[in-house]
Amino acid sequence: DMDLGSGETTKILPLQKEKQSFTIENVPSKPTPSVLRNFSAPVKLETDLSEEDLVFLMVHDSDGFNRWESGQTYAMRVINQTIDTGRDVPSKFIEAYGQILAQALQPGSDDALAAQALSLPDISIVGQSRSPVDPQAIYDAKYKIEMALLSTHKEKIEEIYNTKRSGKDFLITPDAMGKRALCNTALRLLTLPRDAK
């Protein structure tokens with residue numbers, strides 16, 4: 001048991017046993033767990049976080065890895081739902097993507113992290129969650145999602161491309177590489193084939 005009534009917004013809960021439970025008291029609003037913060041070992045984690053939780057974390061988590069991980073988890077759900085149901089891309093996902101685009105345009109943003117956050121999971125990663133694996137269905141779902149993102153956020157994506165594009169000398173600094181990665185992510189979306197499914 002613990003009390004967060006002191007205005008504290010972050011509490012580390014060490015997982016030291018196979019099964020543990022925690023009770024958090026005196027919390028003014030529903031907490032969203034940011035699982036595996038600062039974790040360095042490769043882990044496959046399953047949670048029951050809602051889409052609202054994932055959106056909150058992918059946009060607001062102060063831990064860069066967890067922002068990316070939450071976005072990838074939500075994108076995987078959307079890709080699998082698109083394959084299984086053929087429904088339109090959820091507006092919640094499109095809106096969250098727009099918030100990440102807006103963050104990428106802010107001065108001092110981490111361009112390399114933004115490039116990763118704005119990229120959907122690879123076909124091989126999606127395939128690990130499906131049986132049987134149908135690469136064409138995964139490609140089609142990703143294409144449908146990316147076209148929905150492009151049609152809604154084309155101006156922001158173009159702004160990222162134009163802002164991050166540089167005619168200066170080629171540099172191999174982390175900042176320059178991150179800027180190129182983000183520019184290339186935007187360019188890939190802007191040049192999606194229009195005659196695909």
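Read-outs throughout are calculated quantities, based only on the coordinates presented, and are distinct from any laboratory measurement. Only a predicted model underlies this, so the values are computations on that prediction, with no experimental measurement involved.
Per 5 Å bin, what is the whole-percent P(r) computed from every C-alpha pair distance within segment 55-145?
Per 5 Å bin, starting at zero, the Cα-Cα P(r) for segment 55-145 comes out as 2, 14, 25, 23, 17, 11, 5, 1, 0 percent.
Exceeding 32 Å between C-alpha atoms, which entries from my cross-link table qualify? They are Lys19/Lys144; Lys144/Lys179; Lys142/Lys164.
Over 32 Å apart, Cα to Cα: Lys19/Lys144.
Taking segment 117-197, how much of its Cα-Cα pair set, in percent, is spaced more than 18 angstrom apart?
Everything past 18 Å amounts to 52 percent.
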